[in-house]
């Protein structure tokens, strides 16, 4: 069970690093790919700042997974909270009509799968001790 948790944490961290780097270096291409409108001139700066805010914690998430998720249980909890909240934001934004499912559907699916996997593999008994 811990091995599975490590794998999911590493995958989630790698996804975050790749997404973060894409926001830093390829924001315009991501916007085009999603079929979204280009924003104001400061959007590349904001996208880069967002990218950094994904890369840094995901590096530490991978470190925690490789070392010992039980010793670093707060990082497991962070990963769960992040996946659940990102899922909620994307679903809510789709319901409100801010984005379409075709624009964020893949993210919704990824966030849901990761959230379910992390919750299923969470060491409930060991974490209470």
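The values are calculated or read from the model by the stated rules, or taken from the named source; none is laboratory data. All values derive from a computational prediction rather than experimental measurement. Glycine gets a Cβ as well: all are built from the backbone with ideal geometry, and neighbour counts include every protein chain shown.
Among the residues of the stretch 48-55, are any over 13 Å from the mean Cα position of the chain (by Cα), assigned to a helix (DSSP H, G or I) and within 23 Å of residue 28 (Cα to Cα)? The answer is yes; a qualifying residue exists. Quick check: is even one residue across the stretch 41-52 loosely packed, with under 13 Cβ neighbours inside 10 Å and more than 17 Å from residue 21 (Cβ to Cβ)? Within the stretch 41-52 (the criterion being loosely packed, with under 13 Cβ neighbours inside 10 Å and more than 17 Å from residue 21 (Cβ to Cβ)), the answer is yes, since at least one residue qualifies. Within the stretch 57-76, the residues that satisfy the criterion of being surrounded by 15 or more Cβ atoms within 10 Å (Cβ to Cβ) and outside any helix (DSSP H, G or I) are 69, 72. Within the option set 120, 112, 88, being crowded, with 16+ Cβ neighbours inside 10 Å, modelled with pLDDT of 95 or more and in a helix (DSSP H, G or I) holds for one residue only, 112.
Note on the stretch 91-100: residues that are exposed (fewer than 13 other Cβ atoms within 10 Å of the Cβ) and at negative phi amount to 4. Figure legend. Inter-residue proximity from the stretch 50-70: first residues in contact (Cβ under 8 Å) with a residue 40 or more places away in the chain, second residues surrounded by 14 or more Cβ atoms within 10 Å (Cβ to Cβ) and not in a helix (DSSP H, G or I), beta-carbon distance below 7 Å, spacing 6+ or different chains. Indicated pairs: 64/72; 70/123.
Taking the criterion of being within 16 Å of the chain's Cα centre (by Cα) and over 15 Å from residue 81 (Cα atoms), the residues of the stretch 94-117 that qualify are 104, 105, 106, 107, 109. Number of residues in the stretch 24-46 that are part of a helix (DSSP H, G or I) and either modelled with pLDDT of 95 or more or more than 17 Å from residue 107 (Cα to Cα) (or both) equals 7.
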